[in-house]
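A.B. asks: After the structure tokens below, expect a handful of questions from me.
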Amino acid sequence: MLQRTLVILKPSCLMRGLVGEVTRRFEQKGLHLCGMKMCQLTDAQLSEHYAHLSAKPFFQQIKDAMMVTPVIVCCYEGIDAVDVVRSLTGSTNGRKAAPGTIRGDFSMSYQENIVHASDSAENAAIELARFFRPEELFDYAQPLRDFTYAADEF
Ligand code: ADP
């Protein structure tokens with residue numbers, strides 16, 4: 001199914017100079033970039049975004065770490081984009097993430113793990129609406145689509 005998903009390039013990605021490397025991986029995979037902007041996240045946004053971790057002792061710490069610098073929020077589109085992006089991202093703890101994944105190749109940390117990626121289609125829709133206004137997401141031509149997918153995959 002054609003899906004859109006949210007990626008956040010975290011402060012660890014910006015500070016370590018990995019923005020080009022990380023976005024190159026999504027681009028080369030064949031994901032279609034529908035939106036991208038730099039923004040300074042707020043405690044209120046992050047309390048919503050990480051609500052599932054609100055009972056954890058590190059809740060405030062992970063929110064603070066996301067506000068150290070601006071972040072870059074990205075929307076990628078593709079068939080099964082949510083799962084594709086999660087598999088490129090790797091598991092949460094960078095020390096345990098598989099080599100070849102973004103976290104596996106660039107992170108030594110549980111918290112400072114370079115990127116956020118939505119974990120389900122339902123959450124992707126909620127998260128995209130949290131960080132993008134409708135007019136900030138774009139539909140535009142994909143001239144290489146016929147060489148990225150077979151006709152019956154669409
Ligand atoms: P993911 O980002 O892989 O979907 P979670 O939603 O469980 O993982 O956690 C959100 C973020 O909170 C993680 O990406 C990581 O930065 C941080 N985090 C989660 N669990 C821990 C932990 N045990 N110790 C430190 N940071 C954590």
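A.B. asks: Just the residues that are polar (S, T, N, Q) and either closer than 30 Å to P143 by Cβ or more than 10 Å from the ligand (Cβ to nearest atom) (or both), please, taken from segment 29-70.
C.D. replies: Residues satisfying the conditions are Q40, T42, Q45, S47, S54, Q60, T69.
A.B. asks: Only one of (1) more than 14 Å from the ligand (Cβ to nearest atom); (2) modelled with pLDDT of 95 or more; (3) on the phi < 0 side of the Ramachandran plot; (4) more than 13 Å from the chain's Cα centre (by Cα) fails for F154. Which number is that?
C.D. replies: Just one mismatch for F154, condition (2).
A.B. asks: Now, a different point. Show me the helices (runs of 4 or more DSSP H) entirely contained within segment 67-134 in which 2 or more residues are without any contact (Cβ under 8 Å) to a residue 40 or more places away in the chain and closer than 22 Å to Y149 by Cα.
C.D. replies: Output list reads 81-89.
A.B. asks: Kindly indicate the residue of segment 76-100 that is of a type in the set (S, T, N, Q) and within 11 Å of the ligand (Cβ to nearest atom) and also nearest to the chain's Cα centre (by Cα) among those meeting that condition.
C.D. replies: Here the answer is T89.
A.B. asks: Would you pick out the residues in segment 11-31 that are part of a loop (DSSP other than H, G, I, E, B) and farther than 14 Å from C75 by Cα?
C.D. replies: Within segment 11-31, R16, G17, L18 meet the criteria.
A.B. asks: Please go through segment 114-125 and give me each residue that is surrounded by 15 or more Cβ atoms within 10 Å (Cβ to Cβ), closer than 19 Å to Q45 by Cα and within 15 Å of the ligand (Cβ to nearest atom), ordered by number.
C.D. replies: I114, V115, H116, A117, S118, D119, N123, A124
A.B. asks: Tell me which residues, restricted to segment 1-27, are closer than 16 Å to V82 by Cα and loosely packed, with under 12 Cβ neighbours inside 10 Å.
C.D. replies: If the condition is that a residue be closer than 16 Å to V82 by Cα and loosely packed, with under 12 Cβ neighbours inside 10 Å, then M1 is the only one that fits.
A.B. asks: Please specify each residue of segment 32-49 satisfying the condition of being surrounded by fewer than 16 Cβ atoms within 10 Å (Cβ to Cβ) and not in a helix (DSSP H, G or I).
C.D. replies: Within segment 32-49, L33, K37, M38, C39, Q40, T42 meet the criteria.
A.B. asks: Regarding segment 59-78, can at least one residue be identified that is within 18 Å of C34 (Cα to Cα) and of a type in the set (D, E, K, R)?
C.D. replies: Yes.
The values are calculated or read from the model by the stated rules, or taken from the named source; none is laboratory data. Here the structure is a predicted model, which is why all the values come from computation and not from measurement. Glycine gets a Cβ as well: all are built from the backbone with ideal geometry, and neighbour counts include every protein chain shown.
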